[in-house]
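The values are calculated or read from the model by the stated rules, or taken from the named source; none is laboratory data. Keep in mind the model is a prediction, meaning the values are calculated, not measured. Glycine also receives a Cβ, built like all others from the backbone with ideal geometry; neighbour counts cover every protein chain displayed.
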Amino acid sequence: MLSPKPYPLHYPVQVPTALKTSDHPSHSTPRPGRYALLLLATCALGIAASSAAHAQGGPPFRTDDPDTPGNRHWEINIGFIGDRNPGTGAYQVPDFDINYGLGDRIQLKYELPIAIEETRPSPASPGTPATQETVLTGLGESLLGIKWRYFEHRPGDSIRSGFGTGLLALFGHHAETKPASVSGDSPGAADEAEASAEKEPTFELGTYPQFYLDNPTQAVPRGLVGAGPNFYLPFEVSGRIGPIRYNADAGYNFGNRNLPQSWNRGIIVGHEFTDRTEAYLEIYDLQDANRLPLGRGTGNFASSGVKQRETTLGLGGRQALNHDKTLNLLLMGGRSFQTASANNGQPSWIAYVGMQVLFGPKDTEALQPSLASTPPPRPGTHP
């Protein structure tokens, strides 16, 4: 079973200890090649699209996007997250996800959950011992990340001009990214800029390296979290085709001695129905890339010696709760494509319920009249 890391965190795979090789449902799971073709087709369509690109990945979804909060702006997500199948469950109650915009294109991240790991009781069966109910709670692992939107294409611009770091905003240059409340990180934000859509990116690419680190607690030996450190490297794309917004990401968990390597792939598509409401459909796939020796790890993170996979379909969205759209309700729910049982890693359900808070310096440039538009004083008068 996969841990419900905050979405956009992409979870190291947990394997129920009762899982046997004969129970692994690999024969019925989707083929990875189909996801690769889907991501390639999405990228091609995005380059061809002519509308502004502000796809809405990130919390409450597992799929992330290249967007950042904007220079010196904060994005804080507080979410209650669950991932459960008939045999085990993992929850974060809550997860604290803190993000800061460093320049126009870089985002710094720190994340820390209060974690719950549950094993549900089950009777003995041939080849499988009985399990007793256990519930572990405590501080989860820390996550450090840095997102970089290294490319964005605007109508009329050359491909070469789309590459950059956005760090000039730190030195007083005009920021390409608007403040958080109108940067595309909240419902309806892109619609507010339709009149100047020619100035908005039509296609974006980014990367989001992340490090999972153990805290100085007993969480790992108790089996509350998987052993760290672990490095995750994803690449992200976002765009818009007419009224449909989309983004996709694909990444690799490098794992460690007690944690398998794994592939993560996701795509979301959706629409902003009103200035304050948006909804998206998500397909997400996590799959082990290697096998660890039987029994390595602790608790529900102990290896069964076989590869695990979790493929989910989710529906979710955001609802702005105030006029400035700086306070947003985050909701998402879903389940596995496959039949969930105590002997596989497929979830009966996944869920995210949380709040998003956006804040930062006001966009004073938008409030001050332009010098070019201010007529000079007439001779003989005071300005």
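When A180 is tested against (1) of a type in the set (A, V, I, L, M); (2) crowded, with 18+ Cβ neighbours inside 10 Å; (3) at pLDDT 85 or above, just one condition goes unmet, and that condition is (3). The conditions of being modelled with pLDDT of 95 or more and hydroxyl-bearing (S, T, Y) are not met by Y246. If the condition is being of a type in the set (V, I, T) and at pLDDT below 90, then segment 103-128 contributes T119, T128. Checked against the criteria, E204 counts as modelled with pLDDT of 90 or more and crowded, with 16+ Cβ neighbours inside 10 Å.
Scan segment 109-123 residue by residue and report those that are touching a residue at least 12 places away in the same chain (Cβ under 8 Å) and of a type outside the set (S, T, Y). Residues satisfying the conditions are K109, E111, L112, P113, I114, A115, I116, E117, E118, R120, P121.
Of the residues making up segment 140-172, those that are crowded, with 16+ Cβ neighbours inside 10 Å, touching a helix residue (DSSP H, G or I) at 6+ places or on another chain (Cβ under 8 Å), touching a residue at least 60 places away in the same chain (Cβ under 8 Å) and part of a loop (DSSP other than H, G, I, E, B) number 2. Residues satisfying the criterion are absent from segment 293-302 (criterion: modelled with pLDDT of 80 or more and in contact with a helix residue (DSSP H, G or I) (Cβ under 9 Å, 6 or more places away or on another chain)). Filtered by the rule that a residue be assigned to a strand (DSSP E or B), among the acidic types (D, E) and either more than 15 Å from the chain's Cα centre (by Cα) or more than 17 Å from Q356 (Cβ to Cβ) (or both), segment 77-125 gives D83, E117, E118. Criterion first (buried (at least 17 other Cβ atoms within 10 Å of the Cβ), touching a residue at least 40 places away in the same chain (Cβ under 8 Å), under 23 Å from R154 (Cβ atoms) and more than 13 Å from the chain's Cα centre (by Cα)) does Y246 satisfy it? Considered against the rule, which asks whether it is buried (at least 17 other Cβ atoms within 10 Å of the Cβ), touching a residue at least 40 places away in the same chain (Cβ under 8 Å), under 23 Å from R154 (Cβ atoms) and more than 13 Å from the chain's Cα centre (by Cα), Y246 comes out as yes.
Quick one: would you say K307 is basic (K, R), over 28 Å from L136 (Cα atoms) and modelled with pLDDT under 95?
Numbers: basic (K, R): yes; over 28 Å from L136 (Cα atoms): no; modelled with pLDDT under 95: yes.
No.
Of the residues in segment 231-238, not one is closer than 30 Å to E75 by Cβ, touching a residue at least 24 places away in the same chain (Cβ under 8 Å) and not in a strand (DSSP E or B).
Does segment 343-361 contain at least one residue that is modelled with pLDDT of 90 or more, under 19 Å from L281 (Cβ atoms) and among the polar types (S, T, N, Q)? Checked against the condition, which is being modelled with pLDDT of 90 or more, under 19 Å from L281 (Cβ atoms) and among the polar types (S, T, N, Q), segment 343-361 yields no hits at all. Across segment 57-69, not a single residue is classified as surrounded by fewer than 23 Cβ atoms within 10 Å (Cβ to Cβ) and either β-branched (V, I, T) or assigned to a strand (DSSP E or B) (or both).
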